[in-house]
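A quick write-up on the structure given underneath.
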Amino acid sequence: MSTKDIIAYAKSGQEIISKLNTNIQTGLTQVEVKSRLEQYGENTLKEEETRSLLQKFIDQFKDFMIIVLLVASIVSAFVGYMEGEGPTDSIIILIVVLLNAILGVFQEAKAEDAINALRDMSSPEANVLRDGSFSKIKSTELVPGDIVSLEAGDIVPADLRLVETNSLKVEEAALTGESVPVEKHAEQIIEKEAGIGDRSNMAYSSTNITYGRGLGVVTQTGMDTEVGHIAAMLSSTEKQLTPLQKDQEKLGKTLTYLIIAIAILTFIVGVFFKGFSPIQMLLVSISLAVAAIPEGLPAISTIILSLGTQTMAERNALVRTLPAVETLGSTKVICSDKTGTLTLNQMTVEKVYYNGKLYDAKDPIDVTGEFIRSFAFPNDTKIDAQGNVSGDPTETALVQYALDHEMDLTDQLNQFPRVEEIPFDSSRKLMSTIHKASDGRFIVFVKGAPDQLIQRSKHILKDQKVLEMTSTTKEEILEENAKLGRQALRVLAGAFKIIDEIPTEVTTETLENNLVFTGLVGMIDPERTEAKASIEKARLAGIRTVMITGDHAMTAQAIAERLTILDPNDSENERHVMTGDQLDEISDDQLAKEVENYAVYARVSPEHKVRIIRAWQANDAVVSMTGDGVNDAPSLKQADIGVGMGITGTEVSKGASDMVLADDNFQTIVVAVEEGRKVFANIQKAVQFLLSANLGEVITLFTATLFGWVILEPIHILWINLVTDVFPAIALGMEKAESDVMSHRPRTKKDSFLSFGVAPSILYQGILEALITLFVYWYAAEGPMHTHLVGDERHVLAETMAFITLGLIQLFHAYNVKSVFTSLFSRNPFDNKWLNLAFLVSGAMLLGVVLIPGISQFFDVHALTGGQWGIVIAAAVSIVVVVEIVKLIMRASGFTDKYNR
């Protein structure tokens, strides 16, 4: 017998009991349980294989750029040995690589296991009928065919086909995203195409019983449950490489191939065309290759990302994986769960209708009148000593409304104690309570569905007067009810009547008739006040917000219009709303073609959410997904960046996320996007600085080789690379965000570190650095510079001046890359204290090798006169002047327009 093909909700309870060969009166026998445990296994989720810290550490070295750096470290050690300089540069590279790996492991080690979190949600025990009697057993021992009893407060231990229900309500938000508990009806038979949220005769594993009682037969256990299905999706969903990771990998490969080609070409030219010795040119070529590799880039990126995580944490966005920081900055679409993220996840009274008029919930009201009592009295909400309410979300909303208007509900209930009640029943959709009045009579208060109460009301309360309920009055109330319903408000009606004595039999027939209608209350899970402004800010930044929810289409559309996800003035917004049933009717290819037409998805399943995200990704969009429920976990993992909720979110959703919002606030996502854009811009500045500097070194060495010059020794190249690269690049990562960062469009997957004008800037700036350095060398070695030195001494002087010039150029150039096209002087050029400090420290290390006697001999450099220092410094500063002129020409000529974002 297999349960996988049983569509339990599409058959009657008796049919399922028969198919599962069980007995509603006695349950399974212990012999049958043992046999089925062997067949189906325990009612648990499969554990995902965990990776040790060592495995995670080793994984950090699989990145192509890291492999290149390890090779560079070995090569640097060889050069150091041949030159008699030691392995200093090699050790520095290894430290950079190890630091990058340790930081990566540290971030990954903080991630929770989503599958384990799913397992922790299950019920530890279940009340099960076996061998004719109910007993508590471990939920792991449940098998298909077991009969399970449910009552308020229970966690559903497996997937159940309900066979008996008594006012049963199940809170399924974690599984379906629906914001209010769902009424269950055992006698109903549901269509096969119905989504999880519409299967009112089922209770699913890990959901919560909030009201009433029920009896169900286990249809699925373990990995065959809906929660198990989500666990399987989590295991099979491959995490996407982030844009940053893709950029680094692509950049690393491209640079490696170019560097190897240039090194080989330099060796060939030097040996075969210029007559240098093979050993000398081998060392020069290897030094050039090592100098050209931006070995600091991975570590610098990691440091910049780490700084970004700290900033985000201060703003309530807790990042669990480093690349996620930058991914946020390239987000084009934010697919957001409605409940708890865009809304408060708290049913709230918004409109009230009484005395023939509609009022806002904030308007003052008589808290001693029958209108408010008719909703607050027939209510099972609990109020603790601190004034906090708990219970059914709809009922707590009514009580909170009364408390917000300073109604002393406890005192009033003491004055009018409850003496009898008729509990809520889903068939009649009413709840009534009887309260004793001070004059010895009794007051009956009733709340429930408007259509039911209107039928049972003979009178209406207006301005404290009891008037006859006319047909015109009924039409007015029904029209008002319809208006509130069109606003996606959940509407309840209230009524009361005074009786002299309690009927012998308290039933709906004896009590719930001849009522006095008091009014209507419209409730909704309202949008967060700050979410609307954040959605608008995201829109201005070119980011599309899409709502995905398990709620009904009308509710979702109304909230979307209130948030401006949909145009509130568009009367045909229905065409931008798609339901889960409609999603099932179209293919993935068709969805990818039409996905941009839809802004709201309602009544969707976990599979639907994954499909929606994949459809956007098929259009090259970087997608962020927010969610808090178990049902969100697969889509959170599928998204380029999954965003979990820290307060209302399940551990499952947090475990599948890249970032967790400490305040569950959509606004925080937009704040994090802004920080992510800043992080990318700063990494891009570091890339521009490193590559333009390295390009300058490569062109300098290659051109010198063509002229037959020995312009720099290997130790000079390695020292420049060591002292001028890392500190300024890290400091550039601490730049403030440019003022227009949120007015740019999101970068696409085709954009990279070299986009938006960075590539041409690297090219011309690298050429400028080389030309200035080559000029200084020529001027000192062969030009008209006045000096008494000749031969080798003049050559050493020229090498020294070229060495210091190239190093200082790179330090001054760090200020140029604060902006690609904007003038350095459009704002305070020294507003980054870390860049100023890096300039001073790196400058001291660079100049120290000339100024300190013992070290200068080791580097084979010559002391400079005041005039020679003037030439070197003037040449270095000229890089700022020339770049400013080039930027001005670019802006004036319109060249920058093609890079306008």
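Quick note: the coordinates plus some simple rules give every number you see, no bench work behind them. Model, not experiment: these values are computed from the prediction. Neighbour counts run over all protein chains shown; Cβ positions are idealised from the backbone, glycine included.
Output the direction-averaged projected area (hull surface divided by four) of the convex hull of the alpha-carbon atoms of region 707-813, in nm².
Values: hull surface 38.3 nm².
So the Cα hull casts an average projection of 9.6 nm².
What do the square roots of 5 times the Cα gyration tensor eigenvalues come to for region 353-523, in whole Å, largest first, as semi-axes of the equivalent ellipsoid?
Working: eigenvalues 96, 85, 48 Å².
Working through the eigenvalues yields semi-axes of 22, 21, 15 Å.
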(request) Treat region 356-409 as a sphere of radius equal to its Kirkwood radius over Cα pairs and apply Stokes-Einstein at 25 °C in a medium of 0.890 mPa s; give the translational diffusion coefficient in µm²/s, rounded to a whole number. (result) 211 µm²/s
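Using 0.36 nm per residue, how much length does the chain from Leu258 to Thr410 gain when fully extended, once their Cα-Cα distance is taken away? Don't jump to the answer; show the numbers that get you there.
Values: separation 152, 0.36 × 152 = 54.72 nm, distance 7.91 nm.
So the chain would gain 46.8 nm between Leu258 and Thr410.
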(request) Determine which lysines satisfy two conditions relative to Lys169: a Cα distance under 16 Å, and not lying fewer than 8 residues away in the same chain. (result) Lys184, Lys429
(message) List residues of region 126-147, by number, whose backbone nitrogen lies under 13 Å from a label position 7 Å along Cα→C-beta of Thr29.
(response) 131-132
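Order 8-17, 887-896 from most to least packed using the mean count of other Cβ atoms within 10 Å. Display every interim value, and only then the final one.
Details: 8-17: 18.8, 887-896: 13.3.
Result, highest mean Cβ count within 10 Å first: 8-17, 887-896.
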(message) Can you give the log10 of the normalised intensity I(q)/I(0) at q = 0.15 Å⁻¹, computed with Debye over equal Cα scatterers of region 800-901?
(response) -0.71
(request) Enter the angle in degrees (range 0 to 90, nearest 10) between the Cα long axis of helix 297-314 and the first principal axis of the Cα atoms of the chain, meaning the one along which they spread out most. (result) 40 degrees
(message) Run the reach check for Lys11 against aspartates and glutamates, Cα to Cα strictly under 19 Å, same-chain hits fewer than 8 apart removed. What comes back?
(response) Asp146, Asp159, Glu164, Glu183, Glu187, Glu191, Glu193, Asp198, Asp224, Glu226
(message) I'd like the Kirkwood hydrodynamic radius of region 459-518, using the inverse of the mean 1/r over distinct C-alpha pairs, in Å.
(response) 13.4 Å
(request) Express as a percent, rounded to the nearest 5, the fraction of DSSP beta bridges in the chain (both residues included) that run antiparallel. (result) 75 percent
(request) Note down the magnitude of the dipole of the chain about its Cα centre, charges +1 on Lys and Arg C-beta and -1 on Asp and Glu C-beta and zero elsewhere, to the nearest 20 debye. (result) 1880 debye
(message) Given points 7 Å out from each Cα along the Cα-Cβ axis, report the Ser18 to Thr529 separation in nanometres with one decimal.
(response) 6.0 nm
(request) Compute the Kirkwood hydrodynamic radius of region 687-748, taking the inverse of the mean of 1/r over all pairs of distinct Cα atoms, and give it in Å to one decimal. (result) 14.3 Å
(request) Quick one: grab Rg to one decimal and Dmax as a whole number for region 576-689, Cα atoms only, in Å. (result) 15.7, 53
(request) For region 550-627, report the convex hull volume of the alpha-carbon atoms normalised per residue, in Å³, without decimals. (result) 94 Å³
(message) Please enumerate, by chain and number, the lysines with C-alpha under 23 Å from the C-alpha of Lys34, excluding those fewer than 8 residues away in the same chain.
(response) Lys4, Lys19, Lys46, Lys136, Lys138
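Report, in cubic angstrom per residue, the convex hull volume of the C-alpha atoms of region 644-699.
Numbers: hull volume 4.3 nm³, N = 56.
Hull volume normalised by residue count: 76 Å³.
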(request) Can you tell me which of 333-341, 404-412, 159-167, 384-392 comes out highest on packing, and rank the rest after it, using the mean Cβ neighbours within 10 Å? (result) 333-341, 159-167, 404-412, 384-392
(message) Given all pairs of different Cα atoms, what value in angstroms does the Kirkwood hydrodynamic radius of the chain take?
(response) 32.2 Å
(message) Placing +1 on the Cβ of each Lys and Arg and -1 on the Cβ of each Asp and Glu in the chain, which of His788, Leu288, Gln617 has its Cα farthest towards the positive end of the resulting dipole?
(response) His788
(request) Work out from phi, with θ = phi - 60° and the Karplus expression 6.51 cos²θ - 1.76 cosθ + 1.60, the ³J(HN,Hα) of each residue of region 470-486, listed in order in whole Hz, and give x for Gly and Pro. (result) 8, 5, 5, 4, 4, 4, 4, 5, 5, 5, 5, 4, 5, 4, 5, x, 5
(request) Send over the per residue convex hull volume for region 861-901, Cα only, as a whole number of Å³. (result) 83 Å³
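In the structure shown, do any of Lys483/Lys532; Lys250/Lys887; Lys465/Lys497 have a Cα-Cα gap over 21 Å, and if so which?
Numbers: Lys483/Lys532 23 Å; Lys250/Lys887 28 Å; Lys465/Lys497 13 Å.
Violating the 21 Å Cα-Cα cut-off are Lys483/Lys532; Lys250/Lys887.
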(request) Treat each spin label as a single point 7 Å out from the Cα along the C-beta direction, and report the Ser277 to Asn514 distance in nm. (result) 12.1 nm
(request) Enumerate the amide H contacts of Ser432 below 5 Å, restricted to partners 5 or more residues apart or on another chain; note that Pro and chain-start residues carry no placed amide H. (result) Ile422
(request) Show that you can apply the helix-only estimate: for the chain, add -39,500 (n - 2.57) for every DSSP H stretch of four or more residues, divide by all residues, and state [θ] at 222 nm to the nearest 500. (result) -15500 deg cm²/dmol
(message) What's the ranking of 493-505, 136-148, 734-746 by average number of surrounding C-beta atoms within 10 Å, highest first?
(response) 136-148, 493-505, 734-746
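With +1 assigned to the C-beta of every Lys and Arg and -1 to the C-beta of every Asp and Glu, and no other charges, what is the dipole magnitude of region 353-523 about the Cα centre in debye, to the nearest 20?
Values: 19 positive and 28 negative charges, 77 e Å.
Taking the Cα centre of region 353-523 as origin, the dipole is about 380 debye.
Just the C-alpha atoms of region 288-399: what Rg/Rh do they give, with Rh taken as the Kirkwood radius?
A ratio of 1.33.
In region 353-523, what % of DSSP beta bridges are antiparallel (nearest 5)? The partial results should precede the final answer.
Values: 35 of 38 bridges.
That works out to approximately 90 percent antiparallel.
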